[in-house]
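Report on the structure given below.
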Protein chains: 2
Amino acid sequence: MSASKNIKPTESELEILGVLWEKGAGTVREVHEILEKSKDAGYTTTLKLMQIMHEKGLLKRDTSSKTHVYEAAISKENTRQQLLNKMIDTVFNGSASQLVLQALGNHRSSQEELDKIKQYLDQIEQQQKK
Amino acid sequence: MSASKNIKPTESELEILGVLWEKGAGTVREVHEILEKSKDAGYTTTLKLMQIMHEKGLLKRDTSSKTHVYEAAISKENTRQQLLNKMIDTVFNGSASQLVLQALGNHRSSQEELDKIKQYLDQIEQQQKK
DNA sequence: ATTTGTTTACGAAAGTATTCGTAGTAAATA
DNA sequence: TATTTACTACGAATACTTTCGTAAACAAAT
């Protein structure tokens, strides 16, 4: 059994997590105003979603003042890894490198980013030689 | 505007596509028997799903004989790329290389695979220099 | 004190995905 | 021919996600 539960945020939940990962913590109003820019939904929709996410354990909240303050309860890294693993399993036949090749294929990355990846690859190889 | 429409197979639909990409074409029965190994659902469930997928244009089918033969109507590569792009956008802040680093991080790849990736990186760099 | 504005809570509608029971049909078999 | 078997079609139940209207609580402003 793994340490963190099988989290599976929905599409909308991921949007909210994204906002909170970015800004650290915030009220429904704050999250909603950021979301509004790219999405078209009412305030109570965002509220309801965040309440549900709290019930599910995806968000923590501080209710000491009237206006509640929410915060992500799951880490960005962990969540990313889980989603990635799932995609590797179900879409890329379990091969991480197939995913990597495909990702590098279309989305063109900057030279800087490519260098970083290369550097990382070297690092991995070093570790494996030990 | 891109050539292929915005396809968004659901979880279950992806499982079926995975089977058909692997085996090329098959009947509901064949697909179902493969799915059964890892999943717990009745025959008519698989049937219904494949019918819906046909309506959506995700599958082609040959109804010339009583037992219909289905085939994926969308390519593995294209579908993978779309799903990947979406994940990059919604989960990795639009950075493909962030996704790549994360993917290489946990899932350990074989030396052979790593070499392939490196080779590919070199190739990309060459093209960009032109 | 009343009004106005902001917030949470609640419930339910609408949309989408998944599941399966049942009926009908055609082919294979007794 | 009658029965069994294998398949498709259809409809509906269930579950999950997203959306929002409305009410209640509270604070600030008039």
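Observations
- Cβ charges +1 (Lys, Arg) and -1 (Asp, Glu), total dipole of chain B, debye: 320 debye
- Between copies, the label points of A:ARG29, set 7 Å from Cα on the Cα→Cβ line, lie 6.5 nm apart, reported in increasing order to one decimal in nanometres.
- Of the residues A:SER38, A:SER110, A:SER95, the one that moves most in a GNM of chain A with alpha-carbon contacts below 10 Å is A:SER110.
- DSSP-assigned coil residues among trypsin sites (Lys or Arg not before Pro) in region A:47-110, each with at most 12 further Cβ atoms within 10 Å: A:LYS66, A:ARG108
- Looking down the axis that turns chain A into chain B, the chain A residue with its beta carbon nearest that axis, and the gap rounded to whole angstrom, comes out as A:VAL100, 3.
- Considering only B:GLY57, B:VAL28, B:THR10, the residue lying farthest towards the positive end of the dipole of region B:1-66 is B:GLY57, judged by Cα position with unit charges set on Cβ.
- Beyond 27 Å in Cα-Cα separation lie the following of the pairs A:LYS37/B:LYS76; A:LYS116/B:LYS116; B:LYS60/B:LYS86; A:LYS76/A:LYS129; A:LYS66/B:LYS86; B:LYS76/B:LYS129: A:LYS37/B:LYS76; A:LYS76/A:LYS129; A:LYS66/B:LYS86; B:LYS76/B:LYS129.
- Dipole magnitude of the protein assembly as shown, debye to nearest 20 (Cβ charges: Lys/Arg +1, Asp/Glu -1, about Cα centre): 180 debye
- Summing Cβ point charges (Lys, Arg +1; Asp, Glu -1) relative to the Cα centre of region B:11-72 gives a dipole of roughly 220 debye.
- Rounded to 10°, Cα long-axis angle of helix B:96-106 versus longest principal axis of chain B: 80 degrees
- Global dimensions of the protein assembly as shown from alpha-carbon coordinates: Rg and Dmax equal 21.3, 68 Å.
Read the figures in this text as sums done on the coordinates, not as results from a lab. The shown structure was predicted, so the numbers you read here are calculated from the model rather than taken from an experiment. Neighbour counts run over all protein chains shown; Cβ positions are idealised from the backbone, glycine included.
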